[in-house]
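For reference, the structure discussed in these notes is given below.
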Amino acid sequence: MKGRPSKLPRYTHGFIDHDGKPRHYLRMPGRKRIPLPGLPWSPEFMAAREKAMSSEWTAPQTGSDRTKPGTVNAAIVSYYQSTAFAALAKGTRTMRRAILERFRKDHGDKRIALMPRKALQAVLSKMSPAASRNWRKTLRGLIDHCLSLDMIEVDPLSGVKLVKMKSKRHPRWTLEQIEKYEERHPRGTKARLALELILSTGQARCDVVRMGRQFVRDGTLSMARQKTGVPFDIPLLPSLQEELALQTERHLTFLITEHGKPFTAAGFGNWFRDRCDEAGVSCRAHGLRSAAATRLADHGATAHQLMSWFGWRTISEAQIYTEEANRKRLAAEAAKLITSTEIGKPFDQFAKIDRK
């Protein structure tokens with residue numbers, strides 16, 4: 001507008017978001033930034049700015065312009081602002097927000113208190129087994145929040161049945177595959193260090209990329225899992241210590257990109273997959289983690305020891321490996337019972353000769 005200054009008012013920060021919409025915030029030293037409505041210098045903008053500077057202005061709630069009390073929309077907005085949702089890992093929040101936004105798009109204007117079980121059963125029955133489980137977990141959090149605030153009286157997820165899912169595990173690395181990878185990537189290389197970090201610690205890639213010298217004290221790596229927050233304290237095994245000593249580049253984080261920055265979890269997964277392909281190994285990072293758990297269980301580690309090592313919350317995760325190790329151990333002991341006996345030997349003329 002002619003005569004209107006183009007410079008933003010003091011303490012105002014503005015930018016154009018990815019949708020091409022201008023955004024403006026009041027940013028005063030020592031205070032959180034506050035979003036401002038309208039355009040700079042407009043009456044609406046200046047009135048809100050004055051209130052914000054005097055701490056009388058608060059930002060409207062997320063999605064409040066399209067919500068009505070008692071609707072699914074209002075329930076989802078309330079859930080987003082809850083401590084239960086904020087406590088979730090960043091990746092989990094992103095995934096569940098995407099699911100809730102799809103659910104809001106189809107059912108946002110409906111009454112949350114009247115949500116029927118049959119409707120949720122119909123929604124989940126149309127999905128694949130894996131997708132339906134992700135949706136149920138997401139809706140479980142929303143409904144628990146609504147139950148705690150008396151938005152609903154009956155749990156609509158109670159009694160909802162899902163199609164049984166056949167679990168597909170990531171291919172576990174064999175000893176031959178590990179040796180094949182080591183032949184292609186000798187000690188002192190970044191590719192070999194990546195192998196040692198996963199195999200020696202058994203942690204997920206999102207935790208491996210964060211590992212560094214700041215977490216090592218007296219030969220023990222002490223961290224907390226990014227996904228669950230469960231702490232773990234792992235002594236550095238000799239093989240990993242030897243590999244760390246051979247690394248010429250000294251950075252705070254053990255694994256860095258070509259640009260000298262830490263990997264993202266997804267970026268590391270893609271990079272490590274290329275190193276596996278170079279070695280002619282079809283397995284991936286998660287399969288190496290499974291091999292680490294198998295190795296510990298085969299050497300006699302108990303379920304609780306595995307829980308401490310891998311930072312698992314439930315014993316059922318550890319029992320997968322201890323039960324498998326016990327089966328192999330019991331089978332080997334059973335084989336010893338029939339060694340040097342007649343059991344299992346073919347009864348023919350050659351067997352008679354051998355016995356004589």
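The values are calculated or read from the model by the stated rules, or taken from the named source; none is laboratory data. Being a predicted model, the structure only gives us computed values, none of them experimental. All Cβ positions, glycine included, derive from the backbone under ideal geometry; neighbour counts span all protein chains shown. Keep in mind that these areas ignore ligands, DNA and RNA; they rest on the heavy atoms of the full protein, side chains included. Shrake-Rupley method; radii C 1.70, N 1.55, O 1.52, S 1.80 Å.
The table for this structure:
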item: Answer label for volume of the Cα convex hull per residue in Å³ (calculated), chosen among (1) 207; (2) 164; (3) 262; result: (3)
item: Residue-normalised accessible area of the chain, expressed per residue, 1.4 Å probe, Å²; result: 63 Å²
item: Simple label model, 7 Å out from Cα along Cβ direction - residue 161 to residue 42, nm; result: 5.5 nm
item: Partner aspartates and glutamates for residue 105 [C-alpha distance under 17 Å; skip if fewer than 8 residues away on the same chain]; result: 65
item: Under 14 Å, Cβ to Cβ, from residue 82 - net charge with Lys/Arg +1 and Asp/Glu -1; result: +3
item: Principal axis box of the range 122-255, alpha-carbon based, largest edge first, Å; result: 61, 34, 20
item: The range 251-321 - Debye-derived log10 I(q)/I(0), Cα point model, q = 0.21 Å⁻¹; result: -0.93
item: Accessible carbon and sulfur surface of the chain relative to its total accessible area, %, 1.4 Å; result: 55 percent
item: Added length on full extension, which subtracts the Cα-Cα distance from 0.36 nm per residue, residue 331 to residue 264; result: 19.9 nm
item: Neighbour net charge for residue 334 - beta-carbon separation under 12 angstrom, K R +1, D E -1; result: +3
item: Mean ellipticity per residue at 222 nm, deg cm²/dmol - from DSSP H runs of n ≥ 4 across the chain, formula -39500 (n - 2.57); result: -15000 deg cm²/dmol
item: Potential extension, residue 134-residue 317 segment - 0.36 nm per residue separation minus Cα distance; result: 64.0 nm
item: Largest to smallest accessible area among 173, 41 [probe 1.4 Å]; result: 41, 173
item: Förster radius 41 Å - calculated FRET efficiency between residue 277 and residue 150, Cβ distance, rounded to 0.05; result: 0.15
